[in-house]
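The values are calculated or read from the model by the stated rules, or taken from the named source; none is laboratory data. Worth saying up front: this structure is predicted, and the values here are computed from it rather than measured. Note: ideal-geometry Cβ built from the backbone for every residue, glycine included; neighbour counts use all protein chains shown. To get the accessible areas, we keep the full protein, side chains included, count just its heavy atoms, and leave off ligands, DNA and RNA. Shrake-Rupley method; radii C 1.70, N 1.55, O 1.52, S 1.80 Å.
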Amino acid sequence: MMEVMTYILMNNGYEVFPVKNANEVFTNIKTNHPDLVILDSSLPGINDREICQLIKLNKATQNLPVIMCSGDDSIDDALEQKGAPDDVLHKPFDISNLIEMVAYQLAA
């Protein structure tokens, strides 16, 4: 899924810094200073909800938009958690939904 999302976003003009496991997320944020983070529930390592909380509860990264992506319908519950993501993307997703959601979060 990461390769598909990377391909879609790059073909729509976005610079993408994919990671292979959850432990790389924070290093990637420090190194690349992204404008947005998309967390996939299938990312090995730390749970995606925990990663989101760590990003959102850290003063240095709390304003960084986070989209969580999952095929699990319970992902909507993440919107109610402390340190909630800015949005959720349900799998399978339509490419236009991904692009619209990214554009919306970057414009916010």
Residue check, Asp35 under 16 Å from Leu106 (Cα atoms) and loosely packed, with under 15 Cβ neighbours inside 10 Å = yes
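A quick yes/no check of all residues on (1) assigned to a strand (DSSP E or B); (2) in contact (Cβ under 8 Å) with a residue 60 or more places away in the chain; (3) open to solvent by 90 Å² or more (accessible area, probe 1.4 Å); (4) on the phi > 0 side of the Ramachandran plot:
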{"position": "Tyr14", "(1), (2), (3), (4)": "no, yes, no, no"}
{"position": "Thr27", "(1), (2), (3), (4)": "no, no, no, no"}
{"position": "Lys30", "(1), (2), (3), (4)": "no, no, yes, no"}
{"position": "Ser42", "(1), (2), (3), (4)": "no, no, no, no"}
{"position": "Ile51", "(1), (2), (3), (4)": "no, no, no, no"}
{"position": "Leu64", "(1), (2), (3), (4)": "no, no, no, no"}
{"position": "Met101", "(1), (2), (3), (4)": "no, no, no, no"}
{"position": "Leu106", "(1), (2), (3), (4)": "no, yes, no, no"}
remark   = Inside region 1-38, the number of residues satisfying the requirement of being under 14 Å from Ile95 (Cα atoms), modelled with pLDDT of 95 or more and aliphatic (A, V, I, L, M) is 3
inquiry  = If I go through region 1-12 residue by residue, how many of them are loosely packed, with under 15 Cβ neighbours inside 10 Å and either in contact with a Gly (Cβ under 8 Å, 6 or more places away or on another chain) or in a helix (DSSP H, G or I) (or both)?
reply    = 5
ask   = Which of the residues that make up region 71-84 are at pLDDT below 90 and of a type outside the set (Asp, Glu)?
value = Gly71, Ser74, Ile75, Ala78, Leu79, Gln81
query = Is it the case that some residue within region 85-96 is modelled with pLDDT of 90 or more, within 16 Å of Met5 (Cβ to Cβ), of a type in the set (A, V, I, L, M, F, W, C) and open to solvent by 70 Å² or more (accessible area, probe 1.4 Å)?
reply = yes
